[in-house]
1. Within the range B:66-106, count every residue that is away from chain A (no Cβ under 13 Å), assigned to a helix (DSSP H, G or I) and surrounded by fewer than 21 Cβ atoms within 10 Å (Cβ to Cβ).
2. Check A:GLU171, A:GLU151, A:GLU123 and return the single one that is of a type in the set (Asp, Glu), under 27 Å from B:MET79 (Cα atoms) and either facing chain B (nearest Cβ under 9 Å) or not in a loop (DSSP other than H, G, I, E, B) (or both).
3. Among the residues of the range A:84-115, which ones are within 13 Å of another protein chain (Cβ to nearest Cβ) and more than 23 Å from A:VAL231 (Cβ to Cβ)?
4. Restricting attention to the range A:247-260, which residues are more than 10 Å from chain B (Cβ to nearest Cβ) and either of a type outside the set (Gly, Ala, Ser) or in contact with a Pro (Cβ under 6 Å, 6 or more places away or on another chain) (or both)?
5. Would you please list the contacts, defined by Cβ atoms under 6 Å and residues six or more apart or on different chains, that run from a residue in the range B:326-338 that is hydrophobic (A, V, I, L, M, F, W, C) to a residue that is part of a helix (DSSP H, G or I)?
6. Tell me, please, whether a residue that is in contact with a Ser or Thr (Cβ under 9 Å, 6 or more places away or on another chain), part of a helix (DSSP H, G or I) and not aromatic (Phe, Trp, Tyr) can be found in the range B:17-33.
7. Only one residue in A:GLN189, A:GLN202, A:GLN195 is touching a Ser or Thr at 6+ places or on another chain (Cβ under 6 Å), away from chain B (no Cβ under 14 Å) and not hydroxyl-bearing (Ser, Thr, Tyr). Which one?
Amino acid sequence: MASPKVAVVGAGVIGLSTALCITETCPSCSVTVLSDQFSPNTTSDVAAGMLIPHTYPDTPIHRQKQWFRETFTYLFAISNSAEASEAGIHLVSGWQIFKSTPNEELPFWSDVVLGFRAMSEGELSKFPQHRFGQAFTTLKCDCPSYLLWLEKRLKAAGTQMCTRKVADLWELHSDYDIVVNCAGMGAHQLVRDKQLFPVRGQVLKVHAPWVKQFIRDGDGLTYIYPGIHRVTLGGTREKGSWILSPDAGTTRDIFDRCCALEPSLQGAQVMEVKVGLRPSRQCVRVQREVLSQGGVELPVVHNYGHGAGGFSVHRGTASEAAHLVGECISALQGSSSRAKL
Amino acid sequence: MRVAVIGAGVIGLSSALCIHEQFHGLVPSLELEVYADHFTPHTTSDGAAGLWQPYLSDHGNLQETLWNKETFDYLLGHMHSAAAKEMGLFLISGYNLFTEPVPDPSWKNIVLGFRNLTPKELELFPGYSYGWFNTALMLEGRSYLPWLTNRLTQRGVKFFHKKVESFQELFSQGVDVVLNCSGMRSGDLQPDPELQPGRGQIIKVLAPWVKHFIITHNLKSGIYNSPYVIPGTEFTVLGGIYQHGNWSEENSAKDHKSVWDSCCRLLPALQKAKIVDEWSGLRPARPSVRLERESIRLGNLQAEVIHNYGHGGFGITIHWGCAMAAARLFGNILQEKQQLATPPGSRL
């Protein structure tokens, strides 16, 4: 197989980063990204893109840590380069605060982020309702800059971008040798995965350029994440809700909760209200599968179900998925050379 | 009781506010006036980035360290108010970088979360092998001075746009106490060979992805003669010039190149930042702040001057502590002149 044709379904952070990893590990591959939505209309564009991992209940911790570490290292190098502003990657410091001391004071990722330590009493005194806190420095992937930068690198590597809604993976079998499923929430329909469920998040993008630090409540419901041009205020975690339109009452509630943590936000102008459905699963599905129908086989690599942690582990899962694509290619080359006998 | 403040930078305006807040209720006849030839946004304070951070060493000047602490605590107390944004006040974290280990600074317990940098953090800054991380405050002059001006105007303080040529000029008009907050130009009012310019030049850029301050230190070349990057609300300040004795307020191409090249080496992403402005200013440097009373005999009158100048590159950092000290000196003057209304029942 001289030039394996790979289709990547999905153009969010997972689809684009997976496509990029494939071009890097398999330069002879011809890669096409197919998606009904591209930036700025993907779920990733709604997210703040903070590198603070979400813990998946059914994925082994060492695997999650490896994904996070790989992602952090990759982005750390970009943040430190001349490309940082174009890629939208920047360091940000801040606090995660808890109303009651968490069971696990040291999360698995505490030695991957920078300067992780408990907050001092002086720092906590700013938050009278909170009794414990963690201070650290992490990275942020500002969208749409990051997705546009990934697209630019993909195009430079010869990747085709195609706006198209894929309703069934079998649609692709005649034009492509391998299909990579990075459809995020779309996998619910596309591969009928009933283990995948939306967790609705509403966020406000505000103009508050004086906010330089992040503040996150450990309950995950209230957060203030300063980006390049906008500060993301959040949020909600509504399990099972498919509603994509913003709710005015929720907007008010998010704003109030964030102002309680950072009163200067009273003076912030709300520029946009957005909703995203976190494509959630008990474990991220990074897996090979061979679909078969009427004697025809279609190798598929799945890479979806990242829920609230997509940005945090994207590069790690992308490189694992690219590795699985490599395995698919070897398997195809093996069977095609057998077929030649 | 007429009080004239000379100077409308951060020192003049904050001293005026501090005095008015403390004494206008006690001294019914208190009239406060501010005289200056430059008002915001044309003062030295407007050019400063606004980062609260004292010099590395206080040279044993405990008084100044206390004033710094007083200022930080005062500002931190305002942090949680809705006024913070209007004041140009916000929290910011960042890095101080060195090429060798140094002793901890006098202000390590004043700022929040002071700690040494980890090896991984130092990877961000090749060429630097040691450093600190802490959370401090920004107080942007371009917001703070108008905020102070508004508070003063609300209180009925009058402003006069004129260059005062001598203390005498004000006393002969009936002013009782003069607050000399004239910063760099104090020497014009009363010669002071200890007051020297510490010339700085900065480049303002648009780099909204920078969320931390980064101050490098070269112990041989001295304070602020090594690149620094300080992100503000609208733009990021690049600097690294401190020229003792240089009175020029003209931008120098050589200094521009030095600042630009060294800051881009420090933060490669800055190469893509758009330059929006450039500015030179004179830090009113002095071995120590001059904060003291001076009684001047004018005929059969005793005129009082409170000096409050010479804050170098830490004016914003120390301003409120000095304003409070100036107010205490003013209180002493009032007591001596028996101007303070005694509370009922306290007379024997």
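1. Final tally of qualifying residues: 3.
2. A:GLU123
3. A:SER110, A:ASP111, A:VAL112
4. Matches in the range A:247-260: A:ASP247, A:THR250, A:THR251, A:ARG252, A:ASP253, A:ILE254, A:PHE255, A:ASP256, A:ARG257, A:CYS258.
5. Once the first residue is hydrophobic (A, V, I, L, M, F, W, C) and sits in the range B:326-338, its partners that are part of a helix (DSSP H, G or I) give B:ALA326/B:SER15; B:ALA327/B:CYS18; B:ALA327/B:ILE19; B:ALA327/B:GLN22; B:PHE330/B:ILE19.
6. So the first thing to find is which residues in the range B:17-33 are in contact with a Ser or Thr (Cβ under 9 Å, 6 or more places away or on another chain), and the list is none.
Scanning the range B:17-33 turns up no residue that is in contact with a Ser or Thr (Cβ under 9 Å, 6 or more places away or on another chain), part of a helix (DSSP H, G or I) and not aromatic (Phe, Trp, Tyr).
7. A:GLN202
Let's see how each residue does on (1) more than 30 Å from B:GLY7 (Cβ to Cβ); (2) in contact (Cβ under 8 Å) with a residue 40 or more places away in the chain; (3) out of contact with any helix residue (DSSP H, G or I) (no Cβ under 6 Å at 6 or more places or on another chain); (4) more than 11 Å from every other protein chain (Cβ to nearest Cβ):
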position: B:LYS108; (1), (2), (3), (4): yes, no, yes, yes
position: B:ASN116; (1), (2), (3), (4): yes, no, yes, no
position: B:PRO119; (1), (2), (3), (4): yes, no, yes, no
position: B:LEU124; (1), (2), (3), (4): yes, no, yes, no
position: B:THR135; (1), (2), (3), (4): yes, yes, yes, no
position: B:GLY141; (1), (2), (3), (4): no, yes, no, yes
position: B:TRP147; (1), (2), (3), (4): no, yes, no, yes
position: B:GLN154; (1), (2), (3), (4): no, no, yes, yes
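Every number here is computed from the coordinates shown, using simple stated rules; none is lab data. Values in this document were obtained by computation on a predicted structure and should not be read as measured data. Neighbour counts are summed over all protein chains in view; Cβ atoms, including those assigned to glycine, are modelled from backbone coordinates with ideal geometry.
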